[in-house]
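See below for the structure under consideration.
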Amino acid sequence: MPAISFQSVSKTYAATRQQRSSGASGLRALDNVSFEIEEGEFFGLLGPNGAGKTSLISILAGLSRPTAGSISVRGFDVQTHYAQARRQLGIVPQELVFDPFFNVRETLRIQSGYFGIAHNDAWIDELLESLGLADKATANMRQLSGGMKRRVLVAQALVHKPPVIVLDEPTAGVDVELRQALWQFVARLNKQGSTVLLTTHYLEEAEALCNRIAMLKKGRLIALDRTSELLSASASNVLRFKTDASLPWSLAQHARITGRIVQLPAKDAREVEQVLASLREAGVAIEDVEMRKADLEDVFIDLMAGEQTPLEVAR
Ligand SMILES: Nc1ncnc2c1ncn2[C@@H]1O[C@H](COP(=O)(O)OP(=O)(O)OP(=O)(O)O)[C@@H](O)[C@H]1O
Ligand SMILES: [Mg+2]
C-alpha cells in the first residue's frame, strides 16, 4: 500500500465577486494530478511559486477540499476517514501560525493532547534537543525569532511520531546551521522508516535528499522520476560564462542568470558550438567560459521553460 496516493486531484478556487464582475472565472490551481509515494521514500515535490504545491498539501492535510479526485494516506481517504488519515501525517506548514500565549513546551504538549497522547515529555525533550530548542523550552512563542518558530513547527508536526512527514518549505528563512541539523534529523527519521514528502525551492537540498521527484507547473504534473534519472535524462553539461550584455530570448529562456553569471545547458560539443555561435551573432561578448555537469536546478529550469504535456502516470 502506498504511503500517499493522489488520485486525479483537481482544485479550482472560486473567483471573488470582484473578479467575476470583470469576467474572470475561477483559478485552476491543480489539474488532474495523480501519483503515488511509497512507504519509506524521501520524495520531493517541486515547482515555481504558484505551481500548486501548498494547495495539494492543504488537501492532503484535510484543510481544503479537492474540486475532484481524492487523496489517501496509508489507505485512509483524507475526506471519508479524516481522523485516521490525519494521525498518519506530520505536517510542517509553509505559514508560521502560532498561539502567542504559550511557551514552546506547552505548545508541544497541547499538540500531543490533540492526538490523545498524555505523557509525551520524553519524546518532546528528544525533539527539543534534536532541533536545537532545548534552551528555549520555556520561552514564549512570541519571543522567538522566525527561524526558531520554524523549528517549533517542525517539532509540533512530529509530536505524535507520524509515519508520514510532510514538509512545506521547512528551510525558508532558516540559517545554514539549522538547515543541516534539520536535514540530519529528518534523514534519520527516514532511515528509521518514516516516509518524507518535501517541497523546497532549494534544489540542491532536493537533489541531495530525495530519491524521487515530482514537478508541478501551473497545477499540472510535468515530471516524475528518480532523481538520478531526471539528472541523466537532461542535458548533461552546462556552459558557464560572464557577460555584461543581455542575451537573445532564444537563449535567455533556458538560462540560469545570476547577475553577470550566465549558465546554459549544452549536451555535447555541437551544442556548445551552437550556443557560442548564437552569442556571437547577437553580439554578446563573454568571458571566463567554463563547462560543468548539470545539476537539478538546470533540469528544473529546462523543464519549466518547455511546453510539456502533462504526464499520464500509469497506475
Ligand atoms: N485560498 C486561495 N484562494 C484563491 N486562490 C488561491 C488560494 N490558495 C492558493 N491560491 C492560488 O492557487 C495557486 C497555487 O498556489 P499554491 O499556494 O498552491 O502554490 P505553491 O506551489 O505552494 O507556491 P509557493 O512556492 O509560492 O509556495 C496560486 O495561483 C495561488 O494564487
Ligand atoms: Mg507553497
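The values are calculated or read from the model by the stated rules, or taken from the named source; none is laboratory data. Please read these numbers as outputs of a predicted model, since none were measured by experiment. Don't worry about glycine lacking a Cβ; one is built from the backbone with ideal geometry, like all the others, and counts go over all protein chains shown. Remember, those area values only see protein heavy atoms, side chains included, never the ligands or the DNA or RNA. Shrake-Rupley method; radii C 1.70, N 1.55, O 1.52, S 1.80 Å.
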**Study point:** Per-residue SASA entry for VAL33, accessible area with 1.4 Å probe, Å² rounded to 10
**Key:** 0 Å²
Exercise for review: Compare the peptides 84-93, 203-212, 272-281, 16-25 by average per-residue count of other Cβ atoms within 10 angstrom and give them in order, highest first.
Suggested key: 84-93, 203-212, 272-281, 16-25
Review point. Just the Cα atoms of the stretch 1-97: what Rg and Dmax do they give in Å?
Key: 14.5, 48
Review point. For the stretch 75-98 and the stretch 149-167, what is the separation of their Cα centres, given in Å?
Key: 11 Å
Check your understanding: Fully extended, how many nm does the chain gain between GLU177 and GLN84 (0.36 nm per residue separation, minus their Cα-Cα distance)?
Key -> 30.0 nm
Study note, to complete from the structure: Here D for the chain, in µm²/s, from Stokes-Einstein with a Kirkwood Rh over Cα pairs at 37 °C and 0.692 mPa s, works out to 152 µm²/s
Practice item. Once you've got the Cα coordinates, tell me which of LYS53/LYS149; LYS11/LYS136; LYS136/LYS161; LYS218/LYS267; LYS11/LYS293 are over 29 Å apart. Key: LYS11/LYS136; LYS11/LYS293
Point to revise | Computed [θ] at 222 nm, deg cm²/dmol, the chain (DSSP H ≥ 4; -39,500 (n - 2.57); rounded to nearest 500) | key: -10000 deg cm²/dmol
Review point. How much solvent-accessible surface does MET291 expose, in Å² to the nearest 10, with a 1.4 Å probe and all protein chains in place?
Key: 90 Å²
Point to revise | Qualifying aspartates and glutamates (Cα of each under 12 Å from Cα of LYS191; at least 8 residues distant if same chain) | key: GLU39, GLU41
Practice item. Determine the distance separating the Cα centre of the stretch 197-244 from the Cα centre of the stretch 175-196; give it in Å without decimals. Key: 20 Å
